[in-house]
Amino acid sequence: MHQGQMAVPAQNTWRRTLRTEFFPTDRRRDIDGLRGLAIIFVVLFHAGWLDGGFIGVDIFIVISGYFIGRSALVQQPFRPMRFVSRRLYRLLPALFCMVAVVSASMLWWVLQSDRADIALNGAYALVYLSNIWAAGHVGYFEGQSIAYPFLHTWSLSLEMQFYLVIFVMALALKYTHHRNRVLIGIFLVSSGCSLYSNHVGHTQGYYNILDRLWEFSLGSMIWIVPRPHLSRAVSNIVCGLGVAFLCGAAFIYPLGFACPSYMIALPCLAVMAIIICPQHDVARKVLGTISPIGVISYSIYLWHWPAIVLANYLLMFQVQGMVMGGVLVLVMIVSLLSYVGIERVFLDYEGRVSASVRNRGALALVGACGGLAMLLSYVSYVSRVH
């Protein structure tokens, strides 16, 4: 009897823990669902199963602009060190572990020419300049991209560069009252750069921060546009149409519609409309259902592409079909472990320690990433020399 009485509370505790972790009440589950949709698109695109899945990155960018715009421009007073440390604790530990594990797993047996490029790409990824490295080395949609396990970190570099722009804007807020005008100006200038790149056929603009800033600023501009007062029915229709369009675009968009392209504005506007809408039936039942995937989407993004690249290297043929399915199942397991064992651990630590300890920890994370970047740069240099 005593054992049975103890089992029920234990079971309830596990349920509460899982519900709190993957269905948090202090977050917008519809936006977590959008993240989940985005990572599904990206993973299926890289698996070769969804031609337009590249729009998942654009969805992530708009969402990132929305949340960072709130953290830096809306919530006052702005606390610079807390803003920086939160970003570092959120991003660096899992990125460091991914680069370290993948480097240790493959750099010692690949060809020297591949080792040199992979190590250098890893070094650039750790200092958030991977998009600059990629723009000078490989087209994202070209066949040789499968040789680089860190190529996907270009979008993380873009995100960190946008954080820097927003950080500077937030610091300047106390000296100016033209925040809205600056955001709109960034949107217009970046849109012009993107359209120009599309006009001249500059495909490497895919990696360029100037060609992408309009997507980030579009997300941040959600905070300055008037919120419409929509009825429950209208909100459900708008949200439903937005989700349907995103799914349709993921299936039918050709590679030519990838940024820089005016067609990529449509999925971004759909994301903006979904975020603006109040959360009603469609948001809760459709997007809320896949919100747990969105919660661990960062870890999935980090680990899925290296797993696909490693599988192609080890098996020496293009991975597809059932083999690709097995790889993706393994990715989900590793990503869940990464989220629970790395992401949450560091975020929880950041939230409970004092400011001085938190800041020293952030510096240690930066130092660790810098040290590994220097080591990989040395490996790249030695591999090229010999």
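A few points about this structure:
- Arg358 loosely packed, with under 15 Cβ neighbours inside 10 Å and touching a Ser or Thr at 6+ places or on another chain (Cβ under 9 Å): no
- On inspection, Val271 does not qualify as free of Cβ contacts under 8 Å to residues at least 60 places away in the same chain, out of contact with any Lys or Arg (no Cβ under 9 Å at 6 or more places or on another chain) and part of a helix (DSSP H, G or I).
- Exclusive hit being of a type outside the set (S, T, N, Q) and outside any helix (DSSP H, G or I), set Val319, Val286: Val319
- Close Cβ contacts (under 7 Å, 6 or more residues apart or on different chains) running from residues in the stretch 165-183 that are among the polar types (S, T, N, Q) to residues that are surrounded by 13 or more Cβ atoms within 10 Å (Cβ to Cβ) comprise Asn180/Ile224.
- Subset of the stretch 107-127 [within 19 Å of Leu302 (Cα to Cα) and among the hydrophobic types (A, V, I, L, M, F, W, C)]: Leu107, Ile118, Ala119, Leu120, Ala123, Ala125, Leu126, Val127
- Identity of the residue in the stretch 237-246, under 27 Å from the mean Cα position of the chain (by Cα) and either of a type in the set (Val, Ile, Thr) or exposed (fewer than 15 other Cβ atoms within 10 Å of the Cβ) (or both), that ends up farthest from Phe45 (Cα to Cα): Val238
- Within the stretch 167-220, considering residues that are of a type in the set (Val, Ile, Thr) and outside any helix (DSSP H, G or I), the one surrounded by the fewest Cβ atoms within 10 Å (Cβ to Cβ): Thr176
- Listing of helices (runs of 4 or more DSSP H) fully contained in the stretch 42-138 that carry 2 or more residues being modelled with pLDDT under 95, surrounded by fewer than 19 Cβ atoms within 10 Å (Cβ to Cβ) and not polar (S, T, N, Q): 80-106, 130-135
- Val234 being more than 19 Å from the chain's Cα centre (by Cα) and at pLDDT 90 or above: yes
- Of the residues making up the stretch 318-331, just one is closer than 17 Å to Cys97 by Cβ and buried (at least 18 other Cβ atoms within 10 Å of the Cβ), namely Val331.
- Residues satisfying the stated conditions in the stretch 248-268, i.e. part of a helix (DSSP H, G or I), of a type outside the set (Phe, Trp, Tyr) and touching a Leu at 6+ places or on another chain (Cβ under 8 Å): Ala249, Ala250, Pro267, Cys268
- Residue match in the stretch 283-291 (condition: among the hydroxyl-bearing types (Ser, Thr, Tyr) and buried (at least 16 other Cβ atoms within 10 Å of the Cβ)): yes
The values are calculated or read from the model by the stated rules, or taken from the named source; none is laboratory data. This one's a predicted model, so the numbers in the text were calculated from it and none came from an experiment. For neighbour counting, all protein chains shown are included, and Cβ atoms are generated from backbone atoms with ideal geometry for every residue, glycine included.
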